[in-house]
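Each remark here refers to the structure printed beneath this line.
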Amino acid sequence: MLELTSIDAGYGTFQALHGVSLAVQPGEVVGVLGPNGAGKTTLMRVISGLLPSSAGELAFEGRTLTGLPAHHILAEGIAHVPEHRRLFPRLTVDDNLRMGAFLRSARQRFEERRRWVFDLFPRLAERRDQLAGTLSGGEQQMCAIGRALMSWPKILLMDEPSAGLAPVVVQQVFALIRRIRAEGFTVLIVEQNVKQMLDLVDRAYLLDVGAIRISGTAAELKGNEFVRRAYLGL
């Protein structure tokens with residue numbers, strides 16, 4: 001479904017990704033783990049078209065997306081929940097959801113999609129007229145996820161969805177992601193909460209210093225001695 005082959009990318013003279021290759025199949029939840037500065041957010045930005053790659057190929061459903069701008073990639077069915085949510089803080093929850101439905105196909109089904117998002121996240125329905133910047137951290141994450149889902153993507157990119165949240169809210173966010181998975185969405189998730197992530201995903205990649213070091217099923221990574229020692233504290 002989604003395939004990256006030998007992707008290089010960076011900022012100016014700094015190269016953040018070195019020959020990264022990974023794949024996500026329909027219906028999978030795939031994780032990318034790694035330390036701060038490993039290149040995880042850069043990877044997500046490349047996939048969503050916010051940052052061009054300098055080498056390699058990005059393909060989706062057999063079509064190359066390399067070099068396409070972000071709005072074209074969204075139209076292909078790839079939606080991005082960015083790190084730190086990046087909501088429009090002075091717009092209401094309802095207006096943030098409306099921004100997520102700016103594609104023509106999504107605008108035509110706005111009411112239906114909004115009802116679905118409110119069914120998925122009842123708290124958002126209660127806060128629909130509240131400014132997004134006044135929501136709690138967990139509510140903001142719900143709003144960011146809901147905004148991305150308004151385009152009904154074929155694959156959802158999630159960058160550090162638990163960042164900055166209290167432990168009890170982290171549990172709620174991962175429960176929400178499980179609900180999204182149950183709805184049949186394909187998800188690629190970047191997350192530093194490795195134990196929670198490996199309990200959620202089918203497969204995972206370890207990204208370190210801009211390169212894939214380890215890949216395998218969640219069970220294989222849980223059993224990997226380096227992962228257990230460096231990320232699970234075992």
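Could you work out the relative contact order of region 1-142, using alpha carbon pairs under 8 angstrom and six or more residues apart, expressed as a whole percent?
On the way: 174 pairs, mean separation 28.2, N = 142.
For region 1-142, the relative contact order is 20 percent.
Just how large is the dipole of the chain about the Cα centre, in debye to the nearest 20, putting +1 at every Lys and Arg Cβ and -1 at every Asp and Glu Cβ? Write out the running numbers ahead of the final one.
Details: 27 positive and 24 negative charges, 95 e Å.
Roughly 460 debye for the chain.
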For the chain, just run the numbers: alpha carbon Rg, then divide by 2.2 N^0.38 Å, N being how many residues it has. 0.99
Toy charge model, Lys and Arg Cβ at +1, Asp and Glu Cβ at -1: region 114-234 dipole around Cα centroid in debye, rounded to 20, equals 200
Can you tell me which lysines have their Cα less than 16 Å from the Cα of Lys222? Leave out same-chain residues fewer than eight positions away. Lys195
Tell me, what HN-Hα J-couplings in whole Hz come from the Karplus equation 6.51 cos²θ - 1.76 cosθ + 1.60 at θ = phi - 60° for each residue of region 51-68, using x for Gly and Pro? 9, x, 7, 9, 7, x, 9, 10, 10, 9, 6, x, 10, 6, 10, 4, x, 6
Under 5 Å from the placed amide H of Gly216, counting only residues 5+ away or on other chains, we find Ala204
Can you tell me how much longer the chain between Lys195 and Met99 gets when fully stretched, taken as 0.36 nm per residue apart minus their C-alpha distance, in nm with one decimal? 31.2 nm
Using the Karplus curve 6.51 cos²θ - 1.76 cosθ + 1.60 with θ = phi - 60°, what ³J(HN,Hα) values do you get for each residue of region 170-179, in whole Hz, with x for Gly and Pro? 4, 4, 5, 5, 5, 5, 5, 5, 5, 5
Other residues with Cβ under 13 Å from the Cβ of Phe121 give, with Lys and Arg +1 and Asp and Glu -1, a net charge of +3
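Roughly how big is region 1-133's charge dipole about its Cα centre, with Cβ charges of +1 (Lys, Arg) and -1 (Asp, Glu), in debye to the nearest 20?
Working: 16 positive and 14 negative charges, 106 e Å.
That gives region 1-133 a dipole magnitude of about 520 debye.
What chymotrypsin sites (Phe, Trp or Tyr not before Pro) in region 1-106 are in a loop by DSSP, with at most 16 other Cβ atoms within 10 Å of the Cβ? Working shown, then result.
On the way: sites: Tyr11, Phe14, Phe60, Phe102; in loops: Phe102.
Listed in order of number, the matching sites are Phe102.
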Could you work out the relative contact order of region 75-234? I mean the mean sequence separation of Cα pairs under 8 Å and 6+ apart, divided by the number of residues, in percent. 24
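Only the coordinates and a few stated rules stand behind these numbers; no lab work does. Fair warning: this is a prediction, and the values are worked out from it, not measured in the lab. Positions of Cβ are backbone-derived with ideal geometry, glycine not excepted, and every protein chain shown enters the neighbour counts.
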